[in-house]
Structures are given as structure tokens and as C-alpha cells.
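Before any comments, here is the structure.
Just so you know, all these numbers are worked out from the coordinates, no wet-lab data involved. Small disclaimer: the values here were computed from a predicted structure and weren't measured. Cβ atoms come from the backbone with ideal geometry, glycine included; neighbour counts cover every protein chain shown.
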């Protein structure tokens, strides 16, 4: 079975949100769907879109699992973006949770750190 993921994040202030997500992802949107919606293609068949829908803003919860969480975190810090919360689960899996200007939760997970790293 082939699967595509297209995760949506509703926001109040579209221009402010787009600027924030550009800093978070480290790149401009992949394409503009229309005047108040744009899309970041994070990997093949895996996208996140931001859309101006004030009535739904602030309720999204999206997690992206990365093979280099530490590298992503360094890049985000260089772009002035810091997580609101850091978690490490009992199995060692790590998660950095970022909050956009509307309070949407965008998480990035990573595998446990191997001993000696």
C-alpha cells in the first residue's frame, strides 16, 4: 500500500505563520497552493501545509521523526527557533516540541542517543 501524508496546520495570521514556519523548516514553502495556503514537502510523499483558518487555529499536533534530530535542533537554533519543551521517553526516544505563534504543536522526534555519542 502506498501512503502519502499531507498534514495541515490552521493559523490566524497567515503571513506571520509562514515566516515562522520558514524559520522552523529552514526553507521557503515548496509551493503556494493559493493566497492563504502553502506547502512544505519534507520528504517524498510527506508534506505539511499551513492554511489561514482562524476558527481552527491553535489545535494542530504534528510530529516528524528525523534521522538527525540533533542536526535539526542546531539548525533551528541558528535560525532563532527554540523548542517550548524537550522530552525523553522511557525507551530513550527524544522529542522537541515547538509552538507556533497560534499555539500549534510541531514536534520533532529522534532515536535514542547511542552510548558513547
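Yes/no per residue for (1) in a helix (DSSP H, G or I); (2) in contact with a strand residue (DSSP E or B) (Cβ under 8 Å, 6 or more places away or on another chain):
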{"residue": "3", "(1), (2)": "no, no"}
{"residue": "18", "(1), (2)": "yes, yes"}
{"residue": "38", "(1), (2)": "no, yes"}
{"residue": "41", "(1), (2)": "no, yes"}
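Against the condition touching a residue at least 40 places away in the same chain (Cβ under 8 Å), touching a strand residue (DSSP E or B) at 6+ places or on another chain (Cβ under 6 Å), surrounded by 14 or more Cβ atoms within 10 Å (Cβ to Cβ) and more than 19 Å from residue 28 (Cβ to Cβ), how does residue 107 come out, does it pass?
Spelling it out, residue 107 is indeed touching a residue at least 40 places away in the same chain (Cβ under 8 Å), touching a strand residue (DSSP E or B) at 6+ places or on another chain (Cβ under 6 Å), surrounded by 14 or more Cβ atoms within 10 Å (Cβ to Cβ) and more than 19 Å from residue 28 (Cβ to Cβ).
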The correct count of residues that are surrounded by fewer than 16 Cβ atoms within 10 Å (Cβ to Cβ), under 28 Å from residue 74 (Cα atoms) and either in contact (Cβ under 8 Å) with a residue 12 or more places away in the chain or touching a helix residue (DSSP H, G or I) at 6+ places or on another chain (Cβ under 8 Å) (or both) in the stretch 24-39 is 4
What number of residues in the stretch 20-36 are part of a helix (DSSP H, G or I) and in contact with a strand residue (DSSP E or B) (Cβ under 7 Å, 6 or more places away or on another chain)? 3
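What are the residues in the stretch 40-58 that are surrounded by 15 or more Cβ atoms within 10 Å (Cβ to Cβ) and without any contact (Cβ under 8 Å) to a residue 12 or more places away in the chain, if any?
Of everything in the stretch 40-58, just one residue is surrounded by 15 or more Cβ atoms within 10 Å (Cβ to Cβ) and without any contact (Cβ under 8 Å) to a residue 12 or more places away in the chain, namely 41.
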What are the residues in the stretch 67-104 that are in contact (Cβ under 8 Å) with a residue 40 or more places away in the chain, assigned to a loop (DSSP other than H, G, I, E, B) and within 12 Å of the chain's Cα centre (by Cα), if any? 81, 100, 104
Please go through the stretch 43-60 and give me each residue that is in contact with a strand residue (DSSP E or B) (Cβ under 6 Å, 6 or more places away or on another chain) and assigned to a loop (DSSP other than H, G, I, E, B), ordered by number. 53, 57, 60
